[in-house]
Amino acid sequence: MNRKYARFFAIVLALTLFTALISACSKENKPAAESKAAESSGSETTPAESSSASDPAKPDISKKVELVWYLLGDSHADSPKVVEEWNKMLEKDLNTTVKLNFTTWTEWATKYNLLLTTGEKVDMIFASSWADYFKYAKQGAFLDLTDLLPTYAPQTWSTVPEQDWSEAKVDGKIFAVPATYPEFTPNGIVYREDWRKELNLPEVKDLDSIEAYMDGVKKSKSGVTPIGGSAWNEVSTLFKAITGFEAIGGDGNSVVVAKSYDNPRDIVAYPFTTEFADYAKRMKTWASKGFWSSSTLSVETAAGDLIKAGTGAVYWRNPAGAGGFITDLKKTNPEIEVAYFPFTRIQNYAVPNLSINNGMAIPKSSTNPERSLMVLDKLRNDPKYFNLMTYGFEGTHYSLNADGKTYVAPPKGVEVAQDWKKYDIAGWGWRYEPNMLKEEGSWDGFDKLTEEFKAISRPSIFQPVVLDYEPVKAEQAAVNQVFKQYGQPLMMGLVPDVDKALETYRKKLEGAGIDKVVAYVKEQAEAYYTERNIQ
Amino acid sequence: MSRLLVDLRTNKVLWLMIVPSLVFFVIFSYLPMIGVYYAFTNYSFEGGLFKSPYVGFQNFQFLIQSGQLYALTKNTILYNLAFIFLGNALQVTCAIFLSELPGKLFRKFTQSFMFLPFFLSFVLIGAFVFNLFNFENGAVNTFLKGIGLQPYDFYLHTAPWKYIIVFFSVWKGLGYGMIIYLAAIMSISDEYHEAAKIDGANIFQRTRHIILPLLVPTFVLLILLSLGGILKGQFDLFYQIIGNNGMLFETTDIIDTYVYRSLTVNFDIGMGTAAGLYQSAFGLVLVCAVNYIIKKTREDYALF
Amino acid sequence: MKIRMEKATILFNVIGYLVISLLAVLCLLPFLLIITGSVSSEMEIIRDGFKLIPDQFSIDAYRAIFSDPKQIFQAYQVTILLTIAGSLLGLFFTSMAGYVLSRKEFHFRNPVAFIIYFTTLFSGGLIPWYITIVKYLGWKDSYLALLVPPMLSAWNIILMKNFMKSIPDSISESAKIDGAGEFTIYRRLILPLSIPGLATIGLFLALAYWNEWFLPNIFITTESKYPLQFLLYRILASAAVLNTNIAGNLSPDFKPPTETLKMAVAIVVTGPIVFLYPFVQRFFIKGLTIGAVKG
C-alpha cells in the first residue's frame, strides 16, 4: 500500500521533472536557433553586403524578417493598434514586421544595460548621449554602421548633415543614426514674474539680480521658499553659468571642467578654484537667508510643483521643459504669471545639443541589421510612416491643419474624455525635422528663444569628448562618492563652516585620486581637440 | 561517495522529494554563480564573460580607494545587528502577548494592523520620514513649536538618523517576523502548558520556562540566517530615507548605498560584482564560524 | 465557572494590551494617512505635507491609475492567478524539502541544507541569471519567468524544516512501524501537523508573488501580461521621470499627480492582499499535536 504510494509519487515526480526539462529544452530551441542565426548572420554581414554590392540599387528583401526594436520610455494605450498598422505597411513594402518593445521608465538604465550586455536579439534600440551611447559604442555594444548606411539607408545617409554624423562617431566609426532635430537645451530658470512686478524687483539678468529677486520674494511673501523642493539643479547650473566652466563629456555633475569655452585645454577640478570657494561662500549666505530649505538635498518634490502650490518661486528647466511647464501652468493655475530666464544670457553663447542626444543604434546581437536600417530609413523619411508612428492615427489622435505643418490634438471635432492622452511614444530617436509637425497652441516663447540661441550659437566641443573612465575607474568612483558626500552639501551652503568644509572636500578629493581623473580627462580632451583641430 | 550511493538507495523517496528543490537551485543559483568571475575581469562587450581580460583584484580597488571601507563595514554590521536583535526581540514579545492575551477580536485586529507597514513601499516610508522631520512643516517640529520648544533641524544633524532608520526597519518588519514566532508558539504542544499549570506556574513563569526555551531554536535559526547577510544592507530603506543627502552620510552610509553611489555615473559590472563578492565572502565566513560554535554546543540548533 | 484571575495574569494582560495597542496604532496610523492622502488634492500635500483630514477632496490620483480600467483589471487577474499558482506550487516543493531536511534518517541533511543555504550568500549577479532565464530557458515574455524564480527560497525551506523539526519524532516513528512510506508520512501526518508553519510560508510566498515587480520589469514585454505591481510602478516611474533632466525630451503636457499617486498606488496594490492575513490567521491553531496523537 505505502510502497505503492511511494512508487506512484516517484513517477509523478519524475514526470514533473521531465516535463520541466522538456519545456525548458523546447523553449531553449527557439532562441538557440535564433542565436545561431545571429552568429551566422553576424559573421555573414559581409556576404550579405557583397550580394547587395553586386546589385546595390536593390537590397534583397525576398526573405520575410521579424525584427525586435526597443524604445526607451513608455508606450501609449493605443500603441499596439498603431504598430499593427505600421507592420501592415512594412510587410507590404519591405517584407518585414517589427515587434516594438518599450523599456518603460522603471529601472530603465538597468534594463538597457541588460539588453545590451546579455546579447539578447535586439535589432534596433534607442541610443542617446544621455543613455551612455558613447560608453556602449566604445565598449563594443553597438554594430558599426559606417559601411551599411549608404546601401541600406540611402535617404538617411544623404539627408543627415555631415556635422551630425561626425558627432555620432566614436573612433571614426558611426554606431548610431542620430535624430535630425537641432535643439538647444541650455539651463535656465522659470520664475514668478507676477511677484517680481508686484514687488518692484529688478529684471532677472545675472547673479546679483537673481539674488535680489529671491531676497525680495523671501522677505515679502511669508511661507514662500524661493527655490522650494530640491535646489541642487538651480544652484549647480548657475555656478557653471556664471563661471563659464564647461563640463566635459556628457556628465553635467562631473567636477572636472574646462575653465572656459575659449580655453578648452585649460582643464581643472573646479573645487580647487577660487571661483568655487567664492561661490560656496555666497551660497552659504543664500542658504542662511532661507532661499531653500535645509532639507533640500532630501526633498523629492519638484520645485515646479511648489510654484503651482503657491509656495515656490524659482524652478530650473531647459527651454523645452519650461515650455511644457508654462503650458501646463496655464491650464492648472491661470492666475500665476511666470517668465523664463535662460542662463545663455549670462554666458552670451549657446551650444546646440549633440545630434546623438537622440538616435537609433543597432546592437551587436542583431540578426538583421540591414533590414532594420531599411525600416528606419522608411520611418524617418516617408511622412506616411513618420506621422503614423510619431503622432498616431490621423482623426483619432490628431488632425492635420490645412497648412500641413501644424496639427491639433485632440483632433478637431472629436469629443474626448477628461483623461485623454495625446499619442506619444518614445519616438525621439527617429526625429527628422522636415517631417515634424508643430502642435497648435504650444508655448510661443519657445521659437523666440530658439532664434535667440541660434544667433549666439557656438559648436559643441565638450560634450563629444568620449569619457568611459576605464583606466581610472576606481578613482572616478571614489571621486564621485566624495562629490556627493562633501561637495553637494558645501555647494548648497548647508555646512556650518565653509572654509573648513572646503578644506575637507579638497583633501578627500585628493585622497580619492582626483589628479589621476583630471589627467585622464585632459588626455582624452586633448586627443579629441587635436583630431578636430580645436584650439 | 559510496556513502552517498548507499544513502541514495536507502532514502530513495526522501531524495526524490528534495530533488526538485536541488534542481531549482542548480538552475537559478548555481549556474548563474559563474558570474562572480566578472569581479576579476575588465568587462568588454567583445569578450563577454570569459574572454574579457583578467585583471585580478583591480575591481576591488574602488572599495578601498576612498579609505572608507572600514567605516562602511562597521556601519553596516552595527545597523544589521541592531535590526536583527531589536527586531527579533520585539517580534518575540509581541508573539507571546498575542498568543496569551484573551480577547479574540482584539488579537485578530491588532495582528492585522501590525502587518500593514509591510505593505508600504520604502518610497512611501521615505515620504513619511520627510513629512515627519523636515524643518519647515514636519510633524515633529510642528509639535515641538506647539508645546513651546525650539524646533530641531534634523537634516543638518547626523545623530538622530541612526535611530530613525532602526525604528523604521523594526517597525516595517514587525508583523512579518512576528508570524514566524507565532507559528512556532502554536506548534508548542499544549501538554507542556497543562503540566505547568498544574504545577502552579504563573504566566510569567510559564513564559520564562516553557515558551522562551522552546522559541530558542527558531530565534537561533533566524539569527543565523540573517548573519549571512550582515554586510548586505536593506538598500531601499537607506536609499529612500537618506537618498543623496551627503549631509547625513557620516552615520548612515552602508556598503550598498556607497557602491550604488560610486557606480551610478559610470556603471561597471566588474566593480559591482566585486563589491557583492566582498559582502558574500564576509557573510560566509561569519555564518560558518557561528554555526560551528553552535554546533559544538547544541548540535540540533545548527543551520547545517 | 469563573476562576479568579491570578495577579500575575492581570499584570501580564495589562502590559500586553498596552504594548500591543500602542504598536498597533503606530502601524495603523500611517496607513490611515495614506488613505486620506490618496484622496487629497495634490497641491495640498505638496504645500502642507500629510494630513489626517484633507481640506480638499480629490480623486485625481485614482483617475490617473484607472485611466485604462481594462488594463488594471487584466493586471489584477494576472497577479491573482500568479499568486495562487505560485504559492501552491511553492508550498508543495518547500514543504517536501523542509520535511526531508527535518528527517534524522536523512544522513545528508546537513550538506544538503548547506547547499541550499549557500545560495543566499553568493549570487553571480543579475546578468548571468538573466542570461540563464532568457537564453537557456527561453522565458522572455513568458509567464514562467514570473512563476518559477520566486517559487523556492532557501529561507523558506529552512524555516519549514525548523517548523517540522518541532513535531515529535515519535509520530513518524510509530507510523513507520505501521509500515507507512516516507511520502505517506509526509502527506498524512506531517502536513496536517504543520498547518501553522504551512500557513506562514504560504503567506510569505503569496506576499512575494503579489509584491513582485522586478521580474516583469525585465522579462515581460507584452503590456497585457503585466502584473499589477509592475503596471503601477510603471505609472509612478513615468511620473517621476518628468521631474528629471530627461524631461526635456518628453511630451511635457501630461503630468500626473506624483505625491498622491504614490499613495493611491499603495492603496490599490494593498487592497485585496490585506484580507489574506486574517484568512491565514485561521490556521494559527494551538494544540495540533495532541489531537493528532490522540486521533
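Nothing in this text is a laboratory measurement; each read-out follows from the coordinates by a stated rule. This structure is a prediction, so every number in the text was calculated from the model and none was measured. Positions of Cβ are backbone-derived with ideal geometry, glycine not excepted, and every protein chain shown enters the neighbour counts.
For every other residue with a beta carbon closer than 11 angstrom to the beta carbon of A:G223, add +1 if it is Lys or Arg and -1 if Asp or Glu, then tell me the sum. Result for the neighbourhood of A:G223: +1. Viscosity 0.692 mPa s, temperature 37 °C: give me the Stokes-Einstein translational D for the range A:118-218 in µm²/s, with Rh taken as the Kirkwood radius over C-alpha pairs. Reported coefficient: 188 µm²/s.
Over all Cα atoms in the range A:205-279, the spread is summed up by Rg and Dmax: 14.8, 47 Å.
Please tell me which of these pairs span more than 21 angstrom C-alpha to C-alpha: A:K364/B:K51; B:K295/C:K161; A:K92/A:K364; A:K378/C:K135; A:K219/A:K484? All intermediate terms of the calculation are to be shown ahead of the outcome.
Details: A:K364/B:K51 16 Å; B:K295/C:K161 17 Å; A:K92/A:K364 27 Å; A:K378/C:K135 31 Å; A:K219/A:K484 31 Å.
The answer is A:K92/A:K364; A:K378/C:K135; A:K219/A:K484.
When the Debye formula is applied to the Cα atoms of the range A:180-239, each taken as the same point scatterer, what base-10 log of I(q)/I(0) results at q = 0.12, 0.14 Å⁻¹? Cα-only, vacuum Debye calculation for the range A:180-239: -0.34, -0.45. Each of A:T530 and A:E203 was given a label point 7 Å from its Cα along the Cα-to-Cβ line. The distance between the two points is 4.7 nm. Placing one equal scatterer on every Cα of the range B:92-137 and applying the Debye formula, the log10 ratio I(q)/I(0) at q = 0.20, 0.23, 0.26 Å⁻¹ is -0.73, -0.79, -0.88. Annotation for the range C:62-104 versus the range A:185-211: alpha-carbon center distance of 54 Å.
Taking square-rooted eigenvalues a ≥ b ≥ c of the alpha carbon gyration tensor, is the range B:61-301 rounded, prolate or oblate, where a/c under 1.5 means rounded and, failing that, a/b exceeding b/c means prolate? Cα axes put the range B:61-301 in the oblate bin. The lysines within cross-link reach of C:K51, meaning a Cα-to-Cα straight distance under 20 Å and a gap of 8 or more places when in the same chain, are A:K308, B:K145, C:K262.
Please state the equivalent ellipsoid semi-axes for the protein assembly as shown: what are the square roots of 5 times the Cα gyration tensor eigenvalues, largest first, in whole Å?
On the way: eigenvalues 546, 286, 166 Å².
Ellipsoid semi-axes (Å, largest first): 52, 38, 29.
Among B:H209, A:H76, which comes first, then next, by fewest other beta-carbon atoms within 10 Å? Don't skip to the answer; put the middle values down first.
Details: B:H209 14, A:H76 18.
Ordered by Cβ neighbours within 10 Å, fewest first: B:H209, A:H76.
Gap in Å between the Cα centre of the range B:209-257 and the Cα centre of the range A:313-386? Answer, in whole Å: 43. Membrane-span-like helices in chain A (whole DSSP H runs, Cα extent of at least 24 Å along the helix axis, mean Kyte-Doolittle hydropathy of at least -0.5): A:2-43.
In whole Å, what three semi-axes, largest first, describe the equivalent ellipsoid of the range B:1-94 built from its Cα gyration tensor (square root of 5 times each eigenvalue)?
Working: eigenvalues 261, 191, 28 Å².
The answer is 36, 31, 12 Å, longest axis first.
Mean residue ellipticity, 222 nm, helices only, chain B: the sum of -39500 (n - 2.57) across DSSP H runs of n ≥ 4, divided by residue count and rounded to 500, is -21500 deg cm²/dmol.
Rank-order A:130-138, A:493-501 by packing density, defined as the average count of other C-beta atoms within 10 Å over each peptide's residues, highest first.
Highest mean packing first, the order is A:130-138, A:493-501.
Could you work out, residue by residue across C:9-19, how many beta carbons of other chains sit within 10 Å of that residue's beta carbon, and then give the average as an integer?
Details: counts 5, 1, 3, 9, 6, 0, 3, 12, 6, 1, 6.
Counting Cβ atoms of other protein chains within 10 Å of each residue's Cβ and averaging gives 5.
Listed by chain and number, the lysines whose alpha-carbon sits under 27 Å from that of B:K104, ignoring those within fewer than 8 places in the same chain, are B:K172, B:K197, C:K2, C:K7, C:K286, C:K294. Within the same chain, lysines fewer than 8 places from A:K205 are excluded, and of the rest, those with a Cα less than 16 Å from its Cα are A:K197, A:K240.
Quick check on the range C:52-131: what are the equivalent-ellipsoid semi-axes from the Cα gyration tensor, as sqrt(5λ), descending, whole Å?
44, 18, 16
Which shape class, rounded, prolate or oblate, goes with the range C:7-60 when its Cα gyration tensor gives a ≥ b ≥ c as root eigenvalues, a/c under 1.5 marks rounded, and past that a/b bigger than b/c marks prolate?
Values: a/c = 5.66, a/b = 4.50, b/c = 1.26.
Cα axes put the range C:7-60 in the prolate bin.
Just report the Cα centroid separation between the range B:14-32 and the range B:130-173, whole Å. Result: 47 Å between the Cα centres. Ordering A:W420, A:W157 from the fewest to the most neighbouring beta carbons within 10 Å gives A:W420, A:W157. Of the residues B:G276, A:A269, A:I248, the one whose Cα sits farthest toward the positive end of the charge dipole of the protein assembly as shown, with +1 on the Cβ of Lys and Arg and -1 on the Cβ of Asp and Glu, is B:G276. Relative protection proxy for C:45-56, B:110-121, from highest mean packing down: B:110-121, C:45-56 (other beta-carbon atoms within 10 angstrom).
The modelled label-to-label distance for the pair B:V6/C:S224, using points 7 Å beyond Cα in the direction of Cβ, is 6.0 nm. Placing unit charges on each Cβ (+1 for Lys and Arg, -1 for Asp and Glu) gives chain B a dipole about its Cα centre, and among B:N59, B:M114, B:G126 the Cα reaching farthest toward its positive end belongs to B:M114.
Just the number, please: Stokes-Einstein D of the range C:76-197 in µm²/s, Kirkwood Rh from C-alpha pairs, 10 °C, 1.306 mPa s. Walk me through the numbers before you get to the answer.
Details: Rh = 16.3 Å.
Here the translational diffusion coefficient equals 97 µm²/s.
Any idea what diffusion coefficient chain C gets from Stokes-Einstein, in µm²/s, Kirkwood Rh on alpha carbon pairs, 25 °C, 0.890 mPa s?
Details: Rh = 23.0 Å.
It diffuses with D of about 107 µm²/s by this estimate.
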